[in-house]
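The values are calculated or read from the model by the stated rules, or taken from the named source; none is laboratory data. If you're wondering where the values come from, they're calculated on a predicted model, not measured in any experiment. Reconstructed Cβ throughout: ideal geometry from the backbone, glycine too, with neighbour counts over all protein chains shown. Quick note on the areas: whole protein, heavy atoms, side chains included, nothing else; ligands and nucleic acids left out. Shrake-Rupley method; radii C 1.70, N 1.55, O 1.52, S 1.80 Å.
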Amino acid sequence: MAKFGEGDARWIVQERADGANVHNWHWAERDCLDWSRALLSKLLAGLPVLSGEGGLTLRTTTLDKLDGEAYVNIRKGKVIPGYELSLTLAWEADATTESGLVKVTGTAEVPYLADENADEDPELRITVRGDDGPLARRAKDAFIAHGKPLVIAKIRDYVAAMANGGPAKDEIDSKKISTKAAPAAVAPAPSVKVTAAPVQAPAAKEKKANGKDKEGFKTIEMTEKFNCRSKDIYEILMDDNRWKGFTQSNARISKDVGGQFSLFDGSITGVNEELQEGKLIVQKWRFGSWADGVHSTVSSMLKDIIMAVRYLIGMHPFGI
């Protein structure tokens with residue numbers, strides 16, 4: 001390895017004079033904790049829950065606490081959100097009784113909100129401050145029944161905002177607009193044999209009358225070998241949680257024929273055409289940057305290869 005400053009200048013990525021990270025080619029990380037605190041406070045504080053129904057007026061008041069970390073990584077325009085947060089939201093209720101107006105206060109705590117559970121509703125713990133009398137229990141039950149769904153819906157809005165880039169969303173959108181054409185991407189080949197045959201729109205089929213494929217359309221065939229059983233590969237490809245773990249991006253994968261799937265935070269979408277457990281996966285794939293009506297048929301054919309090894313055992317000349 002060459003010493004610093006002695007390498008070939010053609011292979012050195014130098015900083016631009018204007019400091020621009022063109023098209024987010026380099027890995028860029030944006031801290032989002034303060035932004036998250038402001039957004040969650042805006043979403044959750046001052047939510048009306050009940051307005052006199054059953055003699056109760058119930059509302060959230062302030063976001064008392066937000067701890068943890070939140071950030072967004074951007075690489076070549078790809079957004080990778082990361083956050084592990086805990087938050088405490090204050091709420092209050094007013095009830096009219098024979099002795100007058102009585103106030104009850106409490107908290108709604110989310111002990112763990114993280115990107116790894118982005119597709120799940122977080123745990124929400126409701127508590128009452130002070131005396132836990134009949135009125136306090138009534139207010140708590142009312143918040144669980146009516147306030148909890150509101151709070152979870154607002155948290156989903158935050159999760160969606162982080163998935164879209166958080167505070168870096170405007171920057172990402174502007175770079176997408178300035179990009180003339182997205183480079184063609186090649187689908188991964190996680191199986192023993194994968195063929196990707198792009199399906200042409202009706203107009204493209206008409207141009208194939210002379211026996212030549214439409215320009216830009218190709219059939220790609222790849223073969224890969226893995227040291228595992230074919231059914232293990234099948235389970236990995238059809239399990240959205242494993243996709244998330246390997247790619248660090250959101251994924252939703254239906255395991256039914258005709259079911260839809262979404263990979264890499266929605267960059268790839270499609271439909272399951274044919275499924276044979278442990279043997280075959282046929283899907284229609286589509287990148288978000290492709291023109292309308294264009295998709296690729298990806299066939300993943302899985303096959304176990306059994307290798308037989310014959311050992312020749314002979315007697316040593318010396319009888320050993």
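Points to keep in mind about this one:
- Strands (runs of 3 or more DSSP E) lying entirely in the range 57-145 (those with 1 or more residues that are among the aromatic types (Phe, Trp, Tyr) and open to solvent by less than 50 Å² (accessible area, probe 1.4 Å)): 78-97
- Taking the range 222-240 as the range and being open to solvent by 100 Å² or more (accessible area, probe 1.4 Å) and at pLDDT below 85 as the test, the residues that pass are 225, 227.
- Pair list, Cβ < 7 Å and 6+ apart or interchain, from the range 102-122 residues that are over 24 Å from residue 141 (Cβ atoms) to residues that are open to solvent by 60 Å² or more (accessible area, probe 1.4 Å) and in a strand (DSSP E or B): 114/84
- Of residues in the range 264-285 being touching a helix residue (DSSP H, G or I) at 6+ places or on another chain (Cβ under 7 Å) and acidic (Asp, Glu), the one least open to solvent (accessible area, probe 1.4 Å): 265
- Of all residues making up the range 94-103, the number that are of a type in the set (A, V, I, L, M) and in contact with a Gly (Cβ under 8 Å, 6 or more places away or on another chain): 1
- Here the condition is being in the same structural domain as residue 28 (by the TED database) and within 22 Å of residue 244 (Cα to Cα); of 78, 65, it holds for 78 alone.
- At least 2 residues being in contact (Cβ under 8 Å) with a residue 24 or more places away in the chain is the threshold, and among the strands (runs of 3 or more DSSP E) wholly inside the range 226-313 those reaching it are 268-276, 280-287, 295-301.
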